[in-house]
Structures are given as structure tokens and as C-alpha cells.
Amino acid sequence: MNNPTSLLPYNTFGLAHSCSEILHIDTIEALQAQCLRLHRNKEPMLVLGGGSNIVLTDDFSGTVVLIETHGIEIKAGEDAYYLTVAAGENWHDLVLFCLAQGIPGLENMALIPGTVGAAPIQNIGAYGVEFCQACDWVEYLDLDSGKLVRLSAEQCQFGYRDSVFKQALKNKAVITQVGLKLVTPWRPQLSYGPLKGFSAEVVTPQEVFDTVCQIRRSKLPDPHKLGNAGSFFKNPVVTVLEYQRLAQNFPDTVGYALEDGRVKLAAGWLIERAGLKGYEYQGAAVHNEQALVLVNLGSATGQVICDLARHIITEVNRKFGVVLEPEPRLIGLHGEVELANA
Ligand code: FAD
Ligand code: EPU
């Protein structure tokens, strides 16, 4: 018989840990009632969408709240389409839905797994576009006051793989709905390498969507076949001086200039050049097609994934003097943990 509290179906790394109880939440009312009950009783709670940005390092001794709310509303304005989307909607299904409705703007972020409610948390992004560019507002349940609060995009303090939900509001907010503003007329975002070949005058949203899907399928492993959580590390952001120091020793260093004058390094390049692409360790591996992705070859545990991640950090630091930071959230016995303690 299947263990009713197994989290195996609810994390894309395919890790076989469990929790005390799983609640399937499909209305905002139930979300409010259950999350506030757990919070007020000081019972450990883990909110999950698609489980595509977590690594379970142990059984979780608390309740997992699965956000499965649904609903998409569209309003056409003069300068944009305004969408209100429930947190439990699947992100890629939303991208497809918008495309089918003739509402472009999300196609660069096709095929990102997970839910709409998780998108603001790390400000998901891909192929030249980040969630914050389409965000109008985010609504969340404030666990301390019990109230629903709406933040403007600016108040969300979005950054690269960052937002207020990972900072001041960490563990205090459950995202309930997201407001998107998809401006008209559509302005294609073609800054990412393989999209540069298109002409902005004639390219269609469908062509951008198809190209993004094709690139992603060629590089990123399908979690249904090979467990993973996407990029395991953030691309490190360094000063120009640091970049120049690296480029002097390694002239082919891959880096992108940011607007604030700093440089974002390609962590996949650092890992590959540290000789770790394809490296296998006790049932886990550095993905052959994309060194930034760690995969579960079938028998890895969360501990093994963490050991592999620490080994990569050590080796990259030794070779380049750059410290990588994990992107997914690590979940242990009592909740989120840092990699050093996992
Ligand atoms: P989960 O993994 O369920 O949760 C992630 C964190 O958010 C947890 O800490 C959880 O507690 C919290 N959380 C989830 N929902 C809520 C809520 N409603 N309210 C409050 N807290 C909540 N990311 C990118 O940015 N770009 C990519 O290109 C990309 N590609 C990926 C490719 C693959 C193959 C995979 C497996 C992952 C990829 N990711 C990417 C990472 C991941 O898809 C995103 O971070 C996604 O937003 C996670 O959504 P989720 O619903 O699965 O979140
Ligand atoms: N590279 C290598 N070897 C590798 C992988 C990458 O040398 O094995 C170098 C290449 O030079 C390549 C560069 O790194 O040109 C960048 O690689 P890629 O375009 O694949 O993107 P990334 O920086 O590895 C980031 C995001 C992805 C997102 C893609 C596309 C982060 C941490 N990751 O990856 O997001 O899909 O760009 O925009 O920012 C995720 O967050 O989970 C995720 C998959």
C-alpha cells in the first residue's frame, strides 16, 4: 500500500521522504482556515506547489499544505491584458492558456515547472525574461494578522532569484493569487542567444514559445524521467574587479554585464571547467547536458544530493575563488535548512 504521507509524488527530485500529514487545499477559504490553524497552534507547516524547487533532506515532522487552488480571470485594458491567477494553477499551463487566448508575454518562460503561486518567490526567469516584468501585484495570506494583503510589483522587491518572500516575509506569507499585466502591443524579448536570430518585426509569440521549448528540452532533464530541481546553484554575481581577475587566468570565463555594473558569471561554466560535468556520486550526478543541474539517477537521497552540492562548492571555490549558493530550498526534519547544516 502507498504511504499516504509520502512526499515522493510531490517533489521533482524524486526523493522518498514523508511528512506527518498532507492537506490538499483547493479554495482560498480552506487555505486561510488551515494555514492559520497550523500557524496559531505553532504546528510545523510546509507550503508546497509543484515541489520543483525543493530538496528533501529528511522526513518533515509537520504538515505539508499543497496549494491546488484554480482560477484565471482576464480583463482587457487599453494598454494591457490584466490577469488574476490562483496560486495553485500550473505555470506552464498558464503560458499555454495565454498563448491560445492570443495574450502573449509569457512565452520566454514556457516549460518552467511548478505553480503560479511560487513564481514570485524566487522571481522565476528564463531566456531573457523574469516574472517581475509581467507582475502587477501579488496577494498573500499574512500568517500573523490572518489578513489577505496585496503587494504591488515594486513592493515585492524582486531581484535575481529573489523577492521579499525570501527575505522579510519568509515563513510569514502564503501566496494566494497573482496579478499579471501583459502589455499590448506585444514586445518580443529576443536578447537570449538562440532567440537573437529572429527579427522583432516578424517573429510570432508561437515561434518564441517553440524555440524556448526546444532549447529547454535539449538541455534540461525532464523530472518525470530524471529527478532534478532545475539549476541547483544561482549564477554568482561578482564585481568587475573580481571578473577581471578571473578573466585574466581564464580568458574564456563566461560573464554577463548587469545594469548595476556587476557581472553575473555562468555557474554551469564554472562547474564544467572544474571538471565536474557528468560527475557521479552515489546515485546522484552533475547533468551531462547542463552542469548547473544536479540529477537523481534513481537511488540518491537528499543527503547525497547535499554532499554532491558541497563537493561542487568546494571544488569551484578552490579553482576559481567563487562561492556558489544553492537555488532550491532545502527541507529537513523541522523545515528549511542551510546547505552547511543539511
Ligand atoms: P515548490 O517547489 O513547491 O516550492 C518552492 C518554495 O516556495 C518552497 O520554499 C515553498 O515552501 C514555497 N512556496 C510554494 N508555493 C507557495 C505559496 N503559494 N505561498 C508561499 N510559499 C510557497 N526556475 C526558474 O526560475 N527558471 C527556470 O528556467 C527553471 N527551470 C526549471 C527546470 C526544471 C526541470 C525544474 C525541475 C525546475 C526549474 N526551475 C526554474 C525551478 C522551479 O520550477 C521554480 O522555482 C518554480 O517557481 C517552483 O514552483 P513550485 O510550485 O514547484 O514550488
Ligand atoms: N555553460 C557551460 N556549461 C554547462 C552549462 C552552461 O559552459 O554545462 C555556460 C555556457 O556558456 C552557457 C552559459 O553557461 O552559454 C549559460 O547557460 P544557460 O544559457 O543554459 O543558462 P544558465 O545560466 O545555466 C539560467 C537559469 C535557468 C534558465 C536559463 C535560461 C539560473 C540559476 N539558471 O541557467 O533557470 O532556464 O538561464 O535563461 O539563473 C532554474 O532557475 O532552475 C533554471 C533552470
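Quick notes on this structure:
- When we screen Leu106, Leu111 for residues that are at positive phi, within 16 Å of ligand 2 (Cβ to nearest atom) and in contact with a Leu (Cβ under 9 Å, 6 or more places away or on another chain), the only hit is Leu111.
- Answer from Gly114, Gly125 - the residue that is within 7 Å of ligand 1 (Cβ to nearest atom), surrounded by fewer than 20 Cβ atoms within 10 Å (Cβ to Cβ), assigned by TED's automatic domain parsing to the domain that holds Asp162 and within 26 Å of Ala284 (Cα to Cα): Gly125
- Filtered residues of the range 287-305 (kept if within 15 Å of ligand 1 (Cβ to nearest atom) and free of Cβ contacts under 8 Å to residues at least 60 places away in the same chain): Asn288, Ala291
- Strands (runs of 3 or more DSSP E) contained entirely in the range 75-173, each with at least 2 residues that are touching a helix residue (DSSP H, G or I) at 6+ places or on another chain (Cβ under 9 Å) and touching a residue at least 40 places away in the same chain (Cβ under 8 Å): 80-86, 135-142
- Here Leu308 meets the list (1) under 30 Å from Gly62 (Cβ atoms); (2) over 17 Å from the mean Cα position of the chain (by Cα); (3) in contact (Cβ under 8 Å) with a residue 24 or more places away in the chain; (4) not in a helix (DSSP H, G or I) almost entirely, failing just condition (4).
- The set of residues from the range 194-221 being within 14 Å of His92 (Cα to Cα) and acidic (Asp, Glu) comprises just one member, Asp210.
- Breaking point among (1) outside any strand (DSSP E or B); (2) β-branched (Val, Ile, Thr); (3) within 16 Å of ligand 2 (Cβ to nearest atom), for Thr69: (3)
- Among the candidates Glu259, Glu242, Glu289, Glu315, the residue that is under 30 Å from Leu8 (Cα atoms) and among the acidic types (Asp, Glu) is uniquely Glu289.
- The residues of the range 174-189 that are touching a helix residue (DSSP H, G or I) at 6+ places or on another chain (Cβ under 8 Å) and in a loop (DSSP other than H, G, I, E, B), listed by number, are Trp186, Pro188, Gln189.
- You will find that of Gly128, Gly146, the residue that is within 14 Å of ligand 2 (Cβ to nearest atom), on the phi > 0 side of the Ramachandran plot and among the small types (Gly, Ala, Ser) is Gly128 and no other.
- Where strands (runs of 3 or more DSSP E) fall wholly inside the range 190-298, the ranges with 3 or more residues that are more than 9 Å from ligand 2 (Cβ to nearest atom) are 293-296.
- Restricting the range 299-324 to residues that are within 16 Å of ligand 2 (Cβ to nearest atom) and closer than 30 Å to Glu43 by Cβ, the residue that is surrounded by the fewest Cβ atoms within 10 Å (Cβ to Cβ) is Ala309.
The values are calculated or read from the model by the stated rules, or taken from the named source; none is laboratory data. These numbers come from a predicted model, not from an experiment. Every residue, glycine as well, gets a Cβ built from its backbone with ideal geometry; the counts of neighbours run over all protein chains shown.
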